[in-house]
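Visitor: First, the structure itself, so that you have it in front of you.
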């Protein structure tokens, strides 16, 4: 899971033990209270803010059958709040989120419907920098998640620091061409005001597909990590710059991985490319890295939720959009080893 996935399915927490025994008194289930499982990644620039709240469960029989029963995975009468505080700990806003049903899940372990999240909108809580600035509030805001459950005295809670946008130095907004083969290869460079920051780059290519019955516009994307950190001294201090250099072989191999072969497509023509920096905190990084090696059926290995499990964090984005490939780059897309089977044009 990466930070461009806003509301993924929450991990199923089941302890399964398979033991053969001739002892008829063996009890295979240890009955215990359910555990709250929370997932919420907030972008202040979004129009809606959503929190996913479910619970673990255990019982006799097949756990997959339980996962199809809404009462097994949702709490009744839970109350979910977002609370913003300034750097002195003084409350700016407190708002309650209310359960709503969103589009059904894809077929899988959990019941497709109802698919419930707790939601509010950007007008109910001031998280956007420009809105806070109108009220004279500095954008140094901690956002708290607070969950009250019936018959449970402890609050489920977590905290994240809202991230400002990164400041992109390169490429400049008025440069619209991407050159991988020039004297200076294409790269992105930016600065950021928060030291405890995690970055990814989302690359989105927009292209047109030619079919026997007409044309359609579509897109593909992938995520890049491995950001370089450099520090430069200047009179009065040190400034940190973040850099990512694009290698052509990596770029074209990522296109190959992102676009499946489709016999109905007779040709393709690239329209433009977007490069979007996503910035978050270390919680996202830890959750991603540990999640790649954790066995989901034995519970999450990382959590930043007090009195529960899961992830609560925030992120922000800044990008350069509508970039065009240079002619040599178009030639490589159309004729190169990695992507020539995708039938891209040279213009």
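Visitor: May I ask you to order 269-279, 116-126 by the average number of other C-beta atoms within 10 Å around their residues, highest value first?
Guide: Final packing ranking: 269-279, 116-126.
Visitor: With the Cα gyration tensor of the range 168-234 giving a ≥ b ≥ c as the square roots of its eigenvalues, does the rule (a/c under 1.5 for rounded; else a/b larger than b/c for prolate; else oblate) give rounded, prolate or oblate?
Guide: Since a/c reaches 1.5 and a/b is larger than b/c, the shape of the range 168-234 is classed as prolate.
Visitor: Among 303, 54, 113, which comes first, second and so on when ranked by fewest other beta-carbon atoms within 10 Å?
Guide: Going from sparsest to densest Cβ surroundings: 113, 303, 54.
Values in this text are rule-based calculations from the coordinates and carry no lab data. Predicted, not measured: the structure shown is a model, and the values here were computed from it. Neighbour counts are summed over all protein chains in view; Cβ atoms, including those assigned to glycine, are modelled from backbone coordinates with ideal geometry.
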